[in-house]
1. What's the total number of residues in the stretch 224-238 that are open to solvent by 100 Å² or more (accessible area, probe 1.4 Å) and in a loop (DSSP other than H, G, I, E, B)?
2. Conditions: (1) in contact with a Pro (Cβ under 6 Å, 6 or more places away or on another chain); (2) modelled with pLDDT under 95. Residue 199 meets all but one. Number of the miss?
3. Mind checking whether some residue in the stretch 150-157 is open to solvent by 50 Å² or more (accessible area, probe 1.4 Å), over 26 Å from residue 92 (Cα atoms) and in contact (Cβ under 8 Å) with a residue 24 or more places away in the chain?
4. Just to be sure, is residue 192 hydrophobic (A, V, I, L, M, F, W, C), within 27 Å of residue 86 (Cα to Cα), open to solvent by less than 100 Å² (accessible area, probe 1.4 Å) and within 15 Å of the chain's Cα centre (by Cα)?
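The values are calculated or read from the model by the stated rules, or taken from the named source; none is laboratory data. Remember, predicted model here, so these are calculated numbers, not experimental data. Every residue, glycine as well, gets a Cβ built from its backbone with ideal geometry; the counts of neighbours run over all protein chains shown. The area values use the complete protein model at the heavy-atom level, side chains included, leaving out ligands, DNA and RNA. Shrake-Rupley method; radii C 1.70, N 1.55, O 1.52, S 1.80 Å.
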Amino acid sequence: MKRRHFLTSMAVLLFSTALKVKAKIFSGGMPWIIHSVRPPKPVVAGEWTFFTPEEVSLVETLADRIIPADELSIGGKEAGCAVFLDRQLSGDYGKAVTTYRLGPVIQDGLPQAGPQYKDTPAERYKLGLTALNNIAKSRNGGKTFVQLTGEQQDDLLRRVESGEIPLEGVNGQLFFNMLVQNMREGFFSDPLYGGNKDMASWKMLGFPGARYDFRDVIDRRGEDLHIEPVSMLSQYEKS
């Protein structure tokens, strides 16, 4: 069989299969059952699974510097960002199970390629937190980062972010960016994962959360519906 004929026949086969699947969906209803798949098990605050007590104090302090409490919402510490991050780093994310790390690793590759690492996020956090504390001590008479004033903490973080102050053993700018990204994830993720306490960030934004649908209000455009957000935790509360 010629290559062109082979490719044409494969396209026809895939197209006809797709049509059959669509026909089955429309003739037999939706191809899934509501709540047939359980969400991940909820994170329960308690024993820390990754951070040491000293690291917990540092990460909680960092959470409040990156996401400070204000008139709109609670801060990163109260929201549970440290708990979220602790569980993520002790799980698949921390082990980088979905990331290719065998190399070749190009330290200064193209910007669109993103950061490239040999180490895992868990390893990077251990190095980054230690280096940040060491810098704080060396520049402030032995005081740890937690012992500094809020203004001193912000100033140090700004200098690490800009690259003015390097961190030993880890790229300080990339570590800071990762830290900010992870704090955002903890603040805005479903409370099921340990952060976003009482759906505070969702209420601040007016985000409805994990609702099934909006058929009962779909025609009420332009109205403030005062919709209370729904977390995946509700599935466990009902069972």
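1. Selection size over the stretch 224-238: 3.
2. (2)
3. The answer is no, given that none of the residues of the stretch 150-157 is open to solvent by 50 Å² or more (accessible area, probe 1.4 Å), over 26 Å from residue 92 (Cα atoms) and in contact (Cβ under 8 Å) with a residue 24 or more places away in the chain.
4. yes
Rundown of residues vs (1) in a strand (DSSP E or B); (2) in contact with a Leu (Cβ under 8 Å, 6 or more places away or on another chain); (3) surrounded by fewer than 16 Cβ atoms within 10 Å (Cβ to Cβ), yes/no style:
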residue	(1), (2), (3)
135	no, yes, no
145	no, yes, no
179	no, yes, no
186	no, yes, no
201	no, no, no
204	no, yes, yes
216	no, no, yes
220	no, no, yes
